[in-house]
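Engineer: First the structure, then my questions, so here it is.
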There are 4 protein chains.
Amino acid sequence: MDETTAVREPVDLRSDTVTMPSDRMREAAANAPVGDDVYGEDPSVNDLEATAAEVLGTEAALYLPSGTMANQTAARVHTERGQEAIVETESHVVRYENAGFAQHSGVQIRPVDAGDRAVPSAAQVADAVIADDLHRPGTGLLCLENTHNAKGGLVATPDAIAAAAEAAHDRDVPVHLDGARLANAAVAADVPLSAFAAHVDSVSLCLSKGLGAPVGTVLAGSEAFVATARGVRKLLGGGMRQAGLIAAPARLALTENVARLADDHANANRLAAGIDGLDGLRAPARETNVVLVDTSESAIDAETFVERCADAGVLGSAFGPETVRFCTHLDVDTAAIETALERIETVVRSRR
Amino acid sequence: MDETTAVREPVDLRSDTVTMPSDRMREAAANAPVGDDVYGEDPSVNDLEATAAEVLGTEAALYLPSGTMANQTAARVHTERGQEAIVETESHVVRYENAGFAQHSGVQIRPVDAGDRAVPSAAQVADAVIADDLHRPGTGLLCLENTHNAKGGLVATPDAIAAAAEAAHDRDVPVHLDGARLANAAVAADVPLSAFAAHVDSVSLCLSKGLGAPVGTVLAGSEAFVATARGVRKLLGGGMRQAGLIAAPARLALTENVARLADDHANANRLAAGIDGLDGLRAPARETNVVLVDTSESAIDAETFVERCADAGVLGSAFGPETVRFCTHLDVDTAAIETALERIETVVRSRR
Amino acid sequence: MDETTAVREPVDLRSDTVTMPSDRMREAAANAPVGDDVYGEDPSVNDLEATAAEVLGTEAALYLPSGTMANQTAARVHTERGQEAIVETESHVVRYENAGFAQHSGVQIRPVDAGDRAVPSAAQVADAVIADDLHRPGTGLLCLENTHNAKGGLVATPDAIAAAAEAAHDRDVPVHLDGARLANAAVAADVPLSAFAAHVDSVSLCLSKGLGAPVGTVLAGSEAFVATARGVRKLLGGGMRQAGLIAAPARLALTENVARLADDHANANRLAAGIDGLDGLRAPARETNVVLVDTSESAIDAETFVERCADAGVLGSAFGPETVRFCTHLDVDTAAIETALERIETVVRSRR
Amino acid sequence: MDETTAVREPVDLRSDTVTMPSDRMREAAANAPVGDDVYGEDPSVNDLEATAAEVLGTEAALYLPSGTMANQTAARVHTERGQEAIVETESHVVRYENAGFAQHSGVQIRPVDAGDRAVPSAAQVADAVIADDLHRPGTGLLCLENTHNAKGGLVATPDAIAAAAEAAHDRDVPVHLDGARLANAAVAADVPLSAFAAHVDSVSLCLSKGLGAPVGTVLAGSEAFVATARGVRKLLGGGMRQAGLIAAPARLALTENVARLADDHANANRLAAGIDGLDGLRAPARETNVVLVDTSESAIDAETFVERCADAGVLGSAFGPETVRFCTHLDVDTAAIETALERIETVVRSRR
Ligand SMILES: [Ca+2]
Ligand SMILES: [Ca+2]
Ligand SMILES: [Ca+2]
Ligand SMILES: [Ca+2]
Ligand SMILES: [Ca+2]
Ligand SMILES: [Ca+2]
């Protein structure tokens, strides 16, 4: 194997889901006290759930295998069949969850375009809420997402969450916050996670993305909410047995890896600035760990650009016809970002 | 009872669903040959279905108790669970059918705002179609509505239907046309009903609105489509027995009452022009039988205006915070429209 | 046309659903005061619903296009997703409604075999009720059927209904009575219809079977039940407009045709006795209008026997591998029964 | 803490789900090569799935968080809405999965009582299959369970599986085998796991029960089946990221812990024999690791007996009004069984 090939160890910026568990996490897995969590007897799961509730400032929390299950469980608990759920047009529950609101809950979405904001405004929410009548049983849920993935890791401040949620609550509509990357929002806004959770009826937090846990998402809310959610988790097949083996490292993700997300954000800005300086590419500064690259000024579509970057040793993903996404995360340090930039520059240069 | 009260026999413009069966229809009901339609043995139902297929230019048709059942049946036949259905933002299936696409078919809606058109453009449809991947099984239906009720009886021309449908078909997406008021569109566009149906995979036509039938909607398409739809009708509880009693008058609605919709359209324009001439009200000319009145220039909301009109002897419906809808139909002749206008004028004058 | 052909005008005993509306019913249709029932303004529908509530002794009633919709609506109103519904193994909701409890309500059936009784005993019901726990949300419905179609029009007495219902109620489980042929049960047991309805939370009554209405079923219960059921009817697409045209004759079915079911029962017994006297056929006496013929002693299966009878001018239906069903009804008088018997005898004789 | 308390360290025979991961499993977790399994890049998951496919003799396999998700996924892949699934009356999918067939698949169950056998006979299956017609879309699945949990770990031989499956296949009905404890069946019948899997279209195998894995179930079948199942797993929220941390120990469960189930079976028989020798208790010999105790000859119900055993230091579960279940497993050796027996004897003696 020659030098060149060695250089080509790719910098993987496809998603922060690719983060690997640390040695400390592996050690935690190896030594985790465990039990049967379906009986509520896994100490490591219980510990993680208690920690999550504390961090999020809720009464209780539940550990689930995925963020999709967390969001779908929340929707099922909050809604009745036939109701509408107000969602942001490009949110994860709309794009990536197999029409789950329809399939699992019999709920119709009402997409609201928040434009360059992460969450709809209070006025948009107020406008979108419908009353129940013979033709439809009204609005049953407002579902927010923070940070907003499809909009490039956009942050909603606690005030923005509060405003949207208040508009919903004033109309007796419960609010779920899809916090797949809520820790990124907290770090960017320099507030604790509970500053967001305080305004909503349920909140999820993905531990296997930027926080680096191998598996899992927590779903938090009131005791009553979590008790019902536990039943829905069973229905969906999310009841795991000696889950402590993954809950213990997941807890480390929550207690040790939040603050360091600031590094990912700095790296994302470094990457964006570098790319933005290249001919034909635009990459505006971002608040968190998602870099969106607009290729429209060069005559190259996103799919092709992603392929050429991959050939050059940088993995990203096509996010639209002329939009490419790069995600920074804990397995990519500043040196790797510099390497990525050099490689992307090669791609751009070779196209002239 | 004094003269005044007699005058107050209200002019009912709430909807064209209030149309009453004619004497000829009642006679047809009384004399209808009937049989058990669940066994396919009702001659009057078979006759209606054959006539509908002929009028719409399709292989077959099915008689159902309501337009909602027709639309929901079509969606169920065309789609698979988890798919998306492209719909106009304010269409009937979105607003008035109890989230039926989600509940009956497990399908997620993708609303597209057609603005001042009745149906989305080809470009909008092309844009809204999604491919299937692990996260979602793609787009399963384009559902159009003509005339568009919530937009004030707006007409889509056969060309507009063809363009949207072609954009869908090019991407292997079937098209259903909610033709609750398709006869109004045909009359307004001066084309046969089949001119619309030719471009879609299924089409419904409501017989109990402007056409005056007491009950029912036909759903038309290919033989295979209708055979499957028949099973879905059974599932939804729409199998009726000696339904010829309503199918016979419904057939008259289809064979005798289409051309006369031109009168309703003329009356709607007469009404709109009259209202538009009143202080503080705007009522732009319409192509069909739905008049939308904008009350925003007067300091009166829609609910209040509807109430005052009702007190004055004209029934309409609030259609938005400052929008009132009046529908013309076969039980309201030109004289009644003049009466309605006089009464509405009283309402406006008394407010000064 | 020669004599023979004339003779072959078939005696149609396939089902009592084939009953034709009488001249009085047709006249009622022709003269029915009607209105838009979706607005609650059809006087004939309101009249039918009030009459049905009175006859059944309930607070309210609702008119629907079919018995299937009535049963499915009741299940949806009474249950929550994931619950179980106790049903008789061979009941209509199990066999003929497209798995509707699963599809419309997300409910799992728990079939109980009532043997030679129409409804399960109190002990069977008590045994079948399950409590809710993490693994399942308990029993949500007991669904009874009277008369029991698949068991040959078997009657459950009011006491039998009361016993089963009490066992359910003691465990907080609501009870729906599928009374497709409840009028036959009432006549056979010589009690008013309300004697059954008094024990259950909802009851349906089919008007288009032995009672001779062209279309429809009523679903009755408390005001609150019917209000919710009205919304489910809309969801299922059962909202009809000027439905008075069929509600008016349906009301006659209810007010005029109950007592005369005794004739159908007498005819059924006449037919059963006649058939039982034939070689190789057994047809035990029945309480109502359904005759079950056991062909097992002759070397002929049900399908073949039905075909030969049809050729001879008697229509029945195969109800099992060696079971044929004949239904008597208001369009088959005693003379026609004698004709049917003669023809069936021909079939038997020709086989020797 | 005195001696007595130390003795009271309970012998946990509630279920084999309580098994703890071994040190070797913990080590495997700590050292597992991992990747993002949603991208198909987790080597340990891929390794487990390949191993499972090999052991079961299928083309492919899929790793899921629970046995419930495996069964529900299989049902969803095999069936169409409205079909029936033939199930054994007391099977896991009927009792413990929240009416999942109805909720996730819109499928109605047809329970068949296999009596003292684990699976229905070919004749029972043939009898239970229904054809599709207007009233119902036929039978879509035969779901077998081996060993049968509710019947006390009863084994179906490969021949019994083959006979039932052939009866289904002859009628074009696919077969899923819920193999939560299929390894126990294989050991008891002294055949490889593939001897069962060869006859069915899909098979699940729980790794976290007797096999001792911390988490998870594999679902195996053809390449096409598994590809579709992967999409359903996503829909249900079962997509996990660096799942290798639990897949690696789960693989050890599969490769190292099958043969040793013989010890659990021997222990179960030892326990059963001992209990059967006690006054008022009957515990017939069992083929696998589940002991059912009949308390009906003593005047004690199951709940009370379980409580007293717990006080004495033996954990079991009430399985019926007078039936108690004890499960042996890898964390309970022969000495612990002797201890359990002594303690149960105390309970019996103290009741005199
Ligand atoms: Ca990760
Ligand atoms: Ca009408
Ligand atoms: Ca009839
Ligand atoms: Ca005989
Ligand atoms: Ca275990
Ligand atoms: Ca004994």
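Engineer: So, in segment C:94-138, exactly how many residues are more than 9 Å from every other protein chain (Cβ to nearest Cβ), of a type outside the set (Val, Ile, Thr) and in contact with a helix residue (DSSP H, G or I) (Cβ under 6 Å, 6 or more places away or on another chain)?
Structural biologist: Qualifying residue count, segment C:94-138: 3.
Engineer: Now for a separate question. C:Glu297: surrounded by fewer than 17 Cβ atoms within 10 Å (Cβ to Cβ), of a type in the set (D, E, K, R) and more than 21 Å from D:Asp127 (Cβ to Cβ), yes or no?
Structural biologist: When the stated conditions are applied, C:Glu297 passes them.
Engineer: Shifting gears a bit: With respect to the numbered conditions (1) in contact with a strand residue (DSSP E or B) (Cβ under 8 Å, 6 or more places away or on another chain); (2) away from ligand 5 (no atom under 11 Å from the Cβ), which one is the sole condition not fulfilled by D:Cys206?
Structural biologist: (2)
Engineer: Oh, and also: For segment D:169-186, how many residues meet the condition of being over 17 Å from D:Asn71 (Cβ atoms) and part of a loop (DSSP other than H, G, I, E, B)?
Structural biologist: Result for segment D:169-186: 3.
Engineer: Does A:Gly153 satisfy the criteria of being away from chain D (no Cβ under 12 Å), crowded, with 24+ Cβ neighbours inside 10 Å and over 21 Å from the mean Cα position of the chain (by Cα)?
Structural biologist: So A:Gly153 fails the test.
Residue-by-condition table, conditions (1) free of Cβ contacts under 8 Å to residues at least 60 places away in the same chain; (2) within 16 Å of ligand 1 (Cβ to nearest atom); (3) more than 30 Å from A:Leu207 (Cα to Cα):
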position	(1), (2), (3)
D:Leu236	no, no, no
D:Gln242	no, yes, no
D:Ala250	no, no, no
D:Asp264	no, no, yes
D:Gly274	no, no, yes
D:Leu278	no, no, yes
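Engineer: Pick from A:Val191, A:Val215, A:Val226, A:Val258: which is surrounded by 24 or more Cβ atoms within 10 Å (Cβ to Cβ) and away from ligand 5 (no atom under 16 Å from the Cβ)?
Structural biologist: A:Val215 is the lone residue from the list that is surrounded by 24 or more Cβ atoms within 10 Å (Cβ to Cβ) and away from ligand 5 (no atom under 16 Å from the Cβ).
Engineer: Kindly indicate the residue of segment B:38-54 that is out of contact with any strand residue (DSSP E or B) (no Cβ under 7 Å at 6 or more places or on another chain) and more than 16 Å from ligand 3 (Cβ to nearest atom) and also farthest from the other protein chains (Cβ to nearest Cβ) among those meeting that condition.
Structural biologist: Checked segment B:38-54; the qualifying residue farthest from the other protein chains (Cβ to nearest Cβ) is B:Glu54.
Engineer: I need the full set of residues from segment D:187-224 which are in a strand (DSSP E or B) and either within 16 Å of ligand 6 (Cβ to nearest atom) or out of contact with any Pro (no Cβ under 9 Å at 6 or more places or on another chain) (or both), in order please.
Structural biologist: Correct list: D:Val203, D:Ser204, D:Leu205, D:Cys206, D:Val218, D:Leu219, D:Ala220, D:Gly221.
Engineer: If I filter segment D:281-291 down to residues being under 16 Å from D:Arg343 (Cβ atoms) and touching a residue at least 60 places away in the same chain (Cβ under 8 Å), which single residue comes out as nearest to ligand 3 (Cβ to nearest atom)?
Structural biologist: D:Val291
Engineer: Can I ask one more? Considering only segment C:271-284, state which residues are in contact with a helix residue (DSSP H, G or I) (Cβ under 8 Å, 6 or more places away or on another chain) and either over 20 Å from C:Ala185 (Cβ atoms) or within 16 Å of ligand 6 (Cβ to nearest atom) (or both).
Structural biologist: Applying the first criterion (in contact with a helix residue (DSSP H, G or I) (Cβ under 8 Å, 6 or more places away or on another chain)) to segment C:271-284 yields C:271, C:274-275, C:278-284.
Those that are in contact with a helix residue (DSSP H, G or I) (Cβ under 8 Å, 6 or more places away or on another chain) and either over 20 Å from C:Ala185 (Cβ atoms) or within 16 Å of ligand 6 (Cβ to nearest atom) (or both): C:Gly274, C:Ile275, C:Leu278, C:Asp279, C:Gly280, C:Leu281, C:Arg282, C:Ala283.
Engineer: So, in segment B:283-294, how many residues would count as being surrounded by 18 or more Cβ atoms within 10 Å (Cβ to Cβ) and out of contact with any Phe, Trp or Tyr (no Cβ under 8 Å at 6 or more places or on another chain)?
Structural biologist: Counting residues in segment B:283-294 that are surrounded by 18 or more Cβ atoms within 10 Å (Cβ to Cβ) and out of contact with any Phe, Trp or Tyr (no Cβ under 8 Å at 6 or more places or on another chain) gives 6.
Engineer: Also, quick follow-up: Among the residues of segment A:135-169, write down those that are touching a residue at least 40 places away in the same chain (Cβ under 8 Å) and acidic (Asp, Glu).
Structural biologist: A:Glu145, A:Glu166
Engineer: If you check B:Arg14, B:Arg8, B:Arg26, which single one turns out to be away from ligand 2 (no atom under 16 Å from the Cβ) and not hydrophobic (A, V, I, L, M, F, W, C)?
Structural biologist: Selected residue: B:Arg8, the only one of B:Arg14, B:Arg8, B:Arg26 that is away from ligand 2 (no atom under 16 Å from the Cβ) and not hydrophobic (A, V, I, L, M, F, W, C).
Engineer: Being surrounded by fewer than 24 Cβ atoms within 10 Å (Cβ to Cβ) and either at the interface with another protein chain (Cβ under 10 Å from one of its Cβ atoms) or within 16 Å of ligand 4 (Cβ to nearest atom) (or both) narrows it down to one of D:Gly57, D:Gly67, D:Gly35, D:Gly82, so name that one. Even if it seems obvious, please write down each step before you answer.
Structural biologist: Working: D:Gly57 fails: either at the interface with another protein chain (Cβ under 10 Å from one of its Cβ atoms) or within 16 Å of ligand 4 (Cβ to nearest atom) (or both); D:Gly67 fails: surrounded by fewer than 24 Cβ atoms within 10 Å (Cβ to Cβ); D:Gly82 fails: surrounded by fewer than 24 Cβ atoms within 10 Å (Cβ to Cβ).
After ruling out the rest, the residue left standing is D:Gly35.
Engineer: Further question: When you check D:Leu219 against the structure, is it touching a residue at least 12 places away in the same chain (Cβ under 8 Å) and farther than 29 Å from A:Lys209 by Cα, yes or no?
Structural biologist: Working: touching a residue at least 12 places away in the same chain (Cβ under 8 Å): yes; farther than 29 Å from A:Lys209 by Cα: no.
No, not satisfied.
Engineer: Condition test on C:Cys309, is it at pLDDT 95 or above, away from ligand 4 (no atom under 14 Å from the Cβ) and more than 14 Å from every other protein chain (Cβ to nearest Cβ)? Explain how you work it out, then say what you get.
Structural biologist: Values: at pLDDT 95 or above: yes; away from ligand 4 (no atom under 14 Å from the Cβ): yes; more than 14 Å from every other protein chain (Cβ to nearest Cβ): yes.
Judged against the criteria, C:Cys309 is a match.
Engineer: Ok, one more. Tell me which residues, restricted to segment C:292-310, are touching a residue at least 12 places away in the same chain (Cβ under 8 Å) and assigned to a helix (DSSP H, G or I).
Structural biologist: Matches in segment C:292-310: C:Ala302, C:Glu303, C:Phe305, C:Val306, C:Arg308, C:Cys309, C:Ala310.
Engineer: I want to confirm something. Restricting to segment B:229-264 and keeping residues that are more than 13 Å from every other protein chain (Cβ to nearest Cβ) and not in a helix (DSSP H, G or I), which single residue is nearest to C:Asp16 (Cα to Cα)?
Structural biologist: Going residue by residue through segment B:229-264, those that are more than 13 Å from every other protein chain (Cβ to nearest Cβ) are B:251, B:254-264.
Pick out the ones that are also not in a helix (DSSP H, G or I) and you get B:257-260.
Working: B:Asn257: 36, B:Val258: 37, B:Ala259: 41, B:Arg260: 41 Å.
Checking each candidate, the answer is B:Asn257.
Engineer: Working carefully through the options C:Arg181, C:Arg171, find the one that is farther than 19 Å from C:Phe101 by Cα, surrounded by fewer than 20 Cβ atoms within 10 Å (Cβ to Cβ) and basic (Lys, Arg).
Structural biologist: C:Arg171
Engineer: State all residues of segment B:6-31 that are among the small types (Gly, Ala, Ser), touching a residue at least 24 places away in the same chain (Cβ under 8 Å), closer than 14 Å to B:Ala248 by Cβ and within 8 Å of another protein chain (Cβ to nearest Cβ); if no residue qualifies, say none. Don't jump to the end; show me each part of the working.
Structural biologist: Residues of segment B:6-31 that are among the small types (Gly, Ala, Ser), as a first pass: B:6, B:15, B:22, B:28-30.
Pick out the ones that are also touching a residue at least 24 places away in the same chain (Cβ under 8 Å) and you get B:15, B:22, B:28-29.
Among the residues that remain, those that are also closer than 14 Å to B:Ala248 by Cβ are: B:22, B:28-29.
Matches in segment B:6-31: B:Ala29 only.
Engineer: Could you check, for segment D:283-295, whether at least one of its residues is within 16 Å of ligand 5 (Cβ to nearest atom) and closer than 19 Å to D:Ser350 by Cβ?
Structural biologist: no
Engineer: For segment A:231-251, give me each residue that is more than 18 Å from the chain's Cα centre (by Cα) and of a type outside the set (Gly, Ala, Ser).
Structural biologist: Of everything in segment A:231-251, those that are more than 18 Å from the chain's Cα centre (by Cα) and of a type outside the set (Gly, Ala, Ser) turn out to be A:Val232, A:Arg233, A:Lys234, A:Leu235, A:Leu236, A:Met240, A:Arg241, A:Gln242, A:Leu245, A:Ile246, A:Pro249.
The values are calculated or read from the model by the stated rules, or taken from the named source; none is laboratory data. Keep in mind that this is a model prediction, so the values were computed, not measured. Methodologically, a virtual Cβ is constructed for each residue, glycine included, from the backbone with ideal geometry; neighbour enumeration extends over all protein chains shown.
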